[in-house]
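Here's the structure we're looking at; comments come further down.
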Amino acid sequence: MSQRVVAFDVETPNSLNDRMSAVGITVMERGQVVEEFYSLVNPEEEFEPFNVELTGITPEMVAHEPTFPQLWETIRPILEQGMLVAHNAPFDMSVLAKCLRDYGLTWHKRVPYACTCQMSRRLIPQSPNHKLNTLCDYFGLELDHHHAGSDSRACGEIFFRCVETGADVLGFVRTYDVERIRTEKRR
């Protein structure tokens, strides 16, 4: 397996979870950060109070920020630098796929990814739970929780902590069907 991963995280404006209000991407190679990207995103949708409370992102903050299609040509090459990794990855993958679908943008039909939440459940059972903030506390990692840039960096660091256990992380790689917006079943 390549030791280059692209950890990413998205924040959403509402419970529809079909738009981003922020995106963070951290490219890591052999445990070292080689590139970071963060941007607020104008979701062109209404915000719900829960999401504003959780993320601290308000409609006013994103009013003059780029929309997802405006960011796509910037983030696409970054996302293609390695295997995608996210904490609770099916959520982040689905938001990405829904944005692509709803804006009529094409990308790969299938994308390999790994979920650090699933990995940590199996490889770090001694953690009190497997939430991102709990794992960061467990490993002594810095985290500004629900800030997409900080969350993506923490996710990448947790991935490499899982690699350090000596486990075969290839067993955790899944394939996301971007067109059908779902993880493919293993055969």
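What the table shows:
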{"item": "DSSP bridge orientation in region 11-109 - percent antiparallel, rounded to nearest 5", "result": "90 percent"}
{"item": "Karplus-derived HN-Hα couplings along region 102-107 (A = 6.51, B = -1.76, C = 1.60, θ = phi - 60°), whole Hz, x at Gly and Pro", "result": "5, 9, x, 9, 9, 8"}
{"item": "Residues whose placed amide H lies under 5 Å from that of residue 182, excluding near-sequence neighbours", "result": "177"}
{"item": "Spin-label proximity, residue 16 to region 52-82 - amide N less than 14 Å from point 7 Å beyond Cα toward beta carbon", "result": "68"}
{"item": "Whichever aspartates and glutamates have a C-alpha closer than 12 Å to that of residue 109, once near sequence neighbours (fewer than 8 apart) are set aside", "result": "177, 179, 184"}
{"item": "P(r) of region 40-108 over all Cα-Cα pairs, binned every 5 Å from zero, in whole percent", "result": "3, 13, 22, 25, 22, 12, 3, 0"}
{"item": "Helix-only mean residue ellipticity at 222 nm for the chain, each DSSP H run of n ≥ 4 adding -39500 (n - 2.57), per residue, nearest 500", "result": "-11000 deg cm²/dmol"}
{"item": "Net length gained if the chain between residue 46 and residue 187 were fully extended (0.36 nm per residue, minus Cα distance)", "result": "46.8 nm"}
{"item": "In order through region 147-159: 3J(HN,Hα) via Karplus (6.51 cos²θ - 1.76 cosθ + 1.60), integer Hz, x for Gly, Pro", "result": "9, 4, x, 5, 4, 5, 5, 4, 4, x, 5, 5, 4"}
{"item": "Relative contact order %, the chain, counting alpha carbon pairs below 8 Å whose residues are six or more apart", "result": "27 percent"}
{"item": "10 Å Cβ shell holding at most 11 others, DSSP loop, GluC sites (Glu not before Pro): longest site-free stretch of the chain", "result": "47-141"}
{"item": "Solvent-accessible area per residue, Å², over the chain with all protein chains present [probe radius 1.4 Å]", "result": "50 Å²"}
{"item": "Integer Hz, Karplus 6.51/-1.76/1.60 couplings in order for region 3-13, x for Gly and Pro", "result": "8, 10, 10, 10, 7, 9, 8, 10, 10, 10, x"}
{"item": "At most 13 other Cβ within 10 Å, DSSP loop - trypsin sites (Lys or Arg not before Pro), region 28-132", "result": "30, 109"}
{"item": "Distant alpha-carbon pairs in region 1-139 (separation over 22 angstrom), percent", "result": "41 percent"}
{"item": "Whole-percent carbon and sulfur share, accessible surface of the chain, 1.4 Å", "result": "47 percent"}
{"item": "Among beta bridges that DSSP assigns inside the chain, antiparallel share in %, nearest 5", "result": "75 percent"}
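The values are calculated or read from the model by the stated rules, or taken from the named source; none is laboratory data. Model, not experiment: these values are computed from the prediction. All Cβ positions, glycine included, derive from the backbone under ideal geometry; neighbour counts span all protein chains shown. Keep in mind that these areas ignore ligands, DNA and RNA; they rest on the heavy atoms of the full protein, side chains included. Shrake-Rupley method; radii C 1.70, N 1.55, O 1.52, S 1.80 Å.
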